1. Quick one: which of Val30, Val36 is surrounded by 18 or more Cβ atoms within 10 Å (Cβ to Cβ), modelled with pLDDT of 95 or more and part of a helix (DSSP H, G or I)?
2. Could you say whether any residue in the stretch 148-158 is open to solvent by less than 10 Å² (accessible area, probe 1.4 Å), in contact with a Phe, Trp or Tyr (Cβ under 8 Å, 6 or more places away or on another chain) and part of a helix (DSSP H, G or I)?
3. Quick check on the stretch 110-117. Is at least one of its residues modelled with pLDDT of 95 or more and farther than 27 Å from Gly50 by Cβ?
4. Considering each residue of the stretch 404-427, count those that are open to solvent by less than 40 Å² (accessible area, probe 1.4 Å) and within 16 Å of Leu128 (Cα to Cα), and give that number.
5. Let me confirm something: among Val321, Val317, Val374, which residue is of a type in the set (A, V, I, L, M, F, W, C) and surrounded by fewer than 17 Cβ atoms within 10 Å (Cβ to Cβ)?
6. Checking the condition basic (Lys, Arg), closer than 28 Å to Asn275 by Cα and touching a Pro at 6+ places or on another chain (Cβ under 6 Å), which residue from Arg409, Arg467, Arg390, Arg401 passes?
7. In this structure, is Val374 assigned to a loop (DSSP other than H, G, I, E, B) and either at pLDDT below 95 or of a type outside the set (Asp, Glu) (or both)?
8. Looking at the stretch 301-314, which of the residues that are in contact with a Ser or Thr (Cβ under 7 Å, 6 or more places away or on another chain) and either buried (at least 17 other Cβ atoms within 10 Å of the Cβ) or basic (Lys, Arg) (or both) is nearest to Leu348 (Cα to Cα)?
Amino acid sequence: MAITDPLAEAPPGPTYLLARWLFLRLLGVVYLVAFVSLAVQITGLVGDHGILPARLFLERARDLYGGAAYRVFPTLCWLGAGDGMLRALCWGGATLALLVVAGVAQAPALALCWLAYLSLSVVGQTFLWFQWDALLLEAGWLAIFYAPTQLVPSLGRERAPSTAMRWLVWWLLFRLMFLSGVTKLASGDPTWRDLTALDYHFWTQPLPTGPAWYAYWLPEWTHRVMLLVVLVTEVLVPWLIFVPERLGRWRHGAAAALVFGQVGIALTGNYGFFNVLAVVLCVPLLDDATLGRVVPLTLEVGAAEPRWKQLTLRGLVPAVVLVSTLTFVREIVQTVPGVRGGFDVPGLELVAPFRSINGYGLFRVMTTERPEIVIEGSRDSVAWREYPFRWKPGDVLRRPRFVAPHQPRLDWQMWFAALDPAGARPWLGALLERLLEGAPAVVALFQANPFPEGPPRYVRLAYYQYRFSRPEERARTAAWWRREPAGYLTRALTLADFRAAR
């Protein structure tokens, strides 16, 4: 008797075979970007002579957790955490991503991509603790089971996509968008409630682009209108994902609205591969008839998925629904003032190390000022030179540029460090020590080396307040920013200071 399973059979009516075909390949492109972006900076961040060496991190984890460290920190780097292993994971992951794009052995290739990125995320420590890293892991985890089991790509027939897995991808997109909106409102931050958040966002966000300067100087009423559109798009539009198939055009409209929102965000800010990945997650909302108008490919349903996969999905899908729902509720509750950080759900800690079922929500509390840390070095403690960053604000005359989907992770972390210097002290201190040592991989993270003749003898952290320049000021001076000194976070430090502190 033939086995039929609602988890594996395509429903009557609209089909989503082409949607899956395109979604998986675009996800492979995102993986490729993420791995290559990381490959060019990984040794400077967590290499043997990087800011936070992965090898030392794992040694401390094993000393602290004992045998449980392997469960709490799941990573292939337990087999080796040197520069060679880190590069192998990055470039190996990029190669596997190309297989996904080509449609070759997609399910196993996606599984290995997920494992490689999880391994890097664990040892990446603070430099790989961004929401889009978690989003890529969650999307990649679902894609493993959404992908066809066939090993050789076909331009004509593919195994039937699982309806339940498609709904889980939809559920992920809903959680991402809805949580991004509702947590802003639930946080109690007045700038979201009184619609003034965009009066600050364009110039206080981590890495603004050139268009952000122009958006900031638009009339205030346009900021209010844009913010209303953002909140409607994030809070109300996601519910259209779940409309019945007979109202499929509403779902297509939701996809268009969500994509439009991501394009707007990408035009004014650099958020790594986040916006691209969010757009890719919208692709499964479109049925084959809709996609067929722009993608010149016709696919037919081939054989059903094998029995082992059907049985796997029967157990997996309910578990993912349960855990993701609990995580969803926890994320909202923890955002409410007075509860934040004081609410948890027993059992979720078991899946947390895998970073593949997550809560989301960017900019719940809007920053209303922009402190910046400037690293200065000197040979004599009299004449000081700045270390120029590649992308974060520094030189007031430099136009804010586009860098996404690449993410310069040190530049990003310097934004967080400026908001909370005390919390960033461990890795900021390590960064200064590497600069005093002249570590090549760390110096390469900067735009240029102000001490090409040899490392400085002294370093210090200067503190500034930045703000976009006024239109008349930029017309007169060509400056995109204006900055005011706010003191120093450290005195002049030498290598002896760091070695004495150990």
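1. Of the residues listed, the single one that is surrounded by 18 or more Cβ atoms within 10 Å (Cβ to Cβ), modelled with pLDDT of 95 or more and part of a helix (DSSP H, G or I) is Val30.
2. As a first pass, look at the stretch 148-158 and keep what is open to solvent by less than 10 Å² (accessible area, probe 1.4 Å): 148, 158.
Retained after the next criterion (residues that are in contact with a Phe, Trp or Tyr (Cβ under 8 Å, 6 or more places away or on another chain)): 158.
With part of a helix (DSSP H, G or I) added as a condition, the list becomes none.
No, the stretch 148-158 has no match at all.
3. First pass over the stretch 110-117, keeping only residues modelled with pLDDT of 95 or more: 110-117.
Cutting the leftovers down to farther than 27 Å from Gly50 by Cβ gives us 110-111.
Looking for residues that are modelled with pLDDT of 95 or more and farther than 27 Å from Gly50 by Cβ, one finds at least one in the stretch 110-117, hence yes.
4. 12
5. Values: Val317 fails: surrounded by fewer than 17 Cβ atoms within 10 Å (Cβ to Cβ); Val374 fails: surrounded by fewer than 17 Cβ atoms within 10 Å (Cβ to Cβ).
Just one listed residue meets the conditions, Val321.
6. Values: Arg409 fails: touching a Pro at 6+ places or on another chain (Cβ under 6 Å); Arg467 fails: touching a Pro at 6+ places or on another chain (Cβ under 6 Å); Arg401 fails: touching a Pro at 6+ places or on another chain (Cβ under 6 Å).
Result: Arg390 is the single residue among Arg409, Arg467, Arg390, Arg401 that is basic (Lys, Arg), closer than 28 Å to Asn275 by Cα and touching a Pro at 6+ places or on another chain (Cβ under 6 Å).
7. Here the answer is no, as Val374 does not meet what is asked.
8. Taking the stretch 301-314 as the starting set, the residues that turn out to be in contact with a Ser or Thr (Cβ under 7 Å, 6 or more places away or on another chain) are 305-306, 309, 313.
Keeping just the survivors that are either buried (at least 17 other Cβ atoms within 10 Å of the Cβ) or basic (Lys, Arg) (or both) gives 305, 309, 313.
Numbers: Glu305: 31, Lys309: 25, Leu313: 20 Å.
That would be Leu313.
The values are calculated or read from the model by the stated rules, or taken from the named source; none is laboratory data. Quick caveat, the model's predicted, so the values are computed rather than measured. Because the Cβ atoms are built from the backbone with ideal geometry, glycine has one as well, and the counts that use them run over all protein chains shown. Calculation scope for accessible area: heavy atoms of the full protein, side chains included, ligands and nucleic acids excluded. Shrake-Rupley method; radii C 1.70, N 1.55, O 1.52, S 1.80 Å.
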